[in-house]
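Everything on this sheet refers to the single structure shown next.
The values are calculated or read from the model by the stated rules, or taken from the named source; none is laboratory data. As the structure is a computational prediction, the values presented were derived from the model and not from experiment. Cβ sites come from the backbone with ideal geometry, for glycine too, and all protein chains shown count toward neighbours.
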Amino acid sequence: MAENASNDIVYYVLISASQKNELASIRHWNNVKMGTEGNQIWLKDLNYVQIHSLEIKSLSQKSFFYAKGAKLFLLNSLLPDRNIPSLLWTSIDRALPVRLPLLNHNYFGISESVELRLVADDQERQTVAMITDLNVLNRYITGAPSVRLEKLSWTILDQQKVLLFGTPQLPIQGEVFWQKKEFLLPAGYDFDLFSLTDELNHAINSQHDAWIIWSADNSCFLVPKNDVQILSLSSFRLSVASL
């Protein structure tokens, strides 16, 4: 079948359930649906490029089909092979969830584990956040013009530390971070396995309602986005008074 005649064709792939781990390389294909039938796994909605991709071709055992009406045809065949299976279809990223342990920050794929850590990165990026001492911010903000604060937001992390968010940043001492997805990473660092960022972001912060602060020692904590408020002298004084 020529590619220009295949744009509207729905492709299916059938594999054994024992090959589930081999699907880790395609779980980011958010157009693909997955269903199970006994000891078999069906993939559907693959496009022409995907059905001919190295990721699919490298599956150890597979059968390729295309849909026509209510029938499935083996790829390159004009004779129907079977009916389209009636299954509970699920997006492949939900069917193959990422699992992270509670006590460390290893990334877990379908059955394997890979240690995810920060490494030095020489690419220049704009820093967008800072963690500084509450007392340092207090000394600066008392005499700062309001225009210097109007593009910044902030939240108190604990009795001693605050998070400042926005640019331009204040000329005070603190640890600066740049943004990647919903991660705030120490400036000058990136994940060694940066291709896993999307999966890790979703696994840790599935509701996308928090910032993930990742430290150089590979620990992390979440800051709810709703906790971040506009920085002003009045908001600062009210928040400090409530401690």
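Close contacts from segment 217-243, counting a first residue that is farther than 30 Å from residue 204 by Cα and a second that is among the small types (Gly, Ala, Ser) and surrounded by fewer than 15 Cβ atoms within 10 Å (Cβ to Cβ), with Cβ to Cβ under 9 Å and a gap of 6+ residues or different chains, come to 232/146; 233/146. Considering segment 218-243, the residues that are out of contact with any helix residue (DSSP H, G or I) (no Cβ under 8 Å at 6 or more places or on another chain) and under 30 Å from residue 25 (Cβ atoms) include one that is surrounded by the fewest Cβ atoms within 10 Å (Cβ to Cβ), namely 219. Within segment 62-77, can one find any residue that is in contact with a helix residue (DSSP H, G or I) (Cβ under 9 Å, 6 or more places away or on another chain), modelled with pLDDT of 85 or more, not hydrophobic (A, V, I, L, M, F, W, C) and not assigned by TED's automatic domain parsing to the domain that holds residue 219? Yes, the conditions are met somewhere in segment 62-77. Restricting segment 62-100 to residues that are farther than 14 Å from residue 42 by Cβ and of a type in the set (S, T, N, Q) leaves a set whose member that is farthest from the chain's Cα centre (by Cα) is 77. Just wondering, is there one or more residues in segment 198-221 that are charged (D, E, K, R) and on the phi > 0 side of the Ramachandran plot? Looking through segment 198-221, none of the residues is charged (D, E, K, R) and on the phi > 0 side of the Ramachandran plot.
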